[in-house]
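Report on the structure given below.
Each value in this text was obtained by applying a stated rule to the coordinates, not by laboratory testing. Not measured: the values here are computed from a predicted model. We place every Cβ from the backbone using ideal geometry, glycine too, and count neighbours over all the protein chains shown.
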Amino acid sequence: MRAKIIEIDSIKSLNIIRFQLYSNDNILTMVSLELSNDIKIGREVKLAIKPTNIIISKDLNSNISCDNRLKAKIVEITNGKLLSSIKLDIDNDILESIITYNSSKRLSLKVEDEVMIFIQATDLSIGEICFKH
């Protein structure tokens with residue numbers, strides 16, 4: 001997901017970085033212990049999230065302590081014996097969530113379902129810094 005850094009709060013080696021997504025203006029928060037000197041307000045980045053760190057809820061009004069929540073639509077489900085791969089469309093950004101097959105079954109997930117996804121601030125990372133030439 002492409003985003004722009006809009007805020008950086010730092011105390012000693014602890015950093016909280018806020019990003020604005022280009023696709024939908026949502027704000028995401030990341031916690032980091034180390035920051036490259038290239039991480040600056042206004043810089044464009046590509047965010048990275050491990051598929052196993054994306055939590056899915058069918059309750060669009062879930063009130064939990066997770067800072068990062070995005071509405072998504074399920075576009076593909078691949079069920080294995082133990083795990084399910086769920087492809088999610090967030091304003092034309094496609095993310096993959098890997099959850100247990102039992103969780104997928106319990107939630108009765110289907111293609112076209114509108115869901116809420118949650119990403120802990122500690123699970124978000126900068127995959128690439130985009131330098132303009």
Inset, instruction - Could I get the Rg over Rh figure for the stretch 64-119? Both from C-alpha atoms, Rh via Kirkwood, rounded to two places. - result: 0.96
Legend entry - Cα centroid of the stretch 1-61 to Cα centroid of the stretch 73-133, whole Å: 17
Inset, instruction - Consider just the alpha-carbon atoms of the chain and return their Rg together with their Dmax, both in angstrom. - result: 15.7, 49
Inset, instruction - Convert each backbone phi in the stretch 122-127 into a coupling constant with the Karplus relation 6.51 cos²θ - 1.76 cosθ + 1.60 (shift: θ = phi - 60°), then list the ³J(HN,Hα) values in order as whole Hz, x for Gly and Pro. - result: 7, 9, 8, 9, 8, x
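Mind listing which trypsin sites (Lys or Arg not before Pro) in the stretch 27-133 are in a DSSP loop and have 10 or fewer other Cβ atoms within 10 Å? Don't skip to the end; give the middle numbers.
Working: sites: Lys40, Arg43, Lys46, Lys58, Arg69, Lys71, Lys73, Lys81, Lys87, Lys105, Arg106, Lys110, Lys132; in loops: Lys40, Arg43, Lys58, Lys81, Lys110, Lys132.
Passing both the DSSP loop test and the Cβ count: Lys81, Lys110, Lys132.
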Inset, instruction - Please turn the phi angles of the stretch 56-68 into ³J(HN,Hα) values with the Karplus equation 6.51 cos²θ - 1.76 cosθ + 1.60 (θ = phi - 60°), one per residue in order, whole Hz, x for glycine and proline. - result: 10, 9, 8, 7, 6, 10, 4, 10, 10, 7, 6, 5, 9
Legend entry - Debye log10 I(q)/I(0) for the stretch 1-53, one point scatterer per Cα, at q = 0.27, 0.28, 0.29, 0.32 Å⁻¹: -1.14, -1.19, -1.23, -1.34
Inset, instruction - For the stretch 38-55, just list the computed ³J(HN,Hα) in residue order, Karplus coefficients 6.51, -1.76 and 1.60, θ = phi - 60°, integers in Hz, with x standing in for Gly and Pro. - result: 7, 7, 9, 4, x, 6, 8, 9, 10, 7, 10, 9, 5, x, 7, 9, 9, 9
Legend entry - the chain: calculated mean residue ellipticity at 222 nm from DSSP helix runs of at least 4, using -39500 (n - 2.57): -1500 deg cm²/dmol
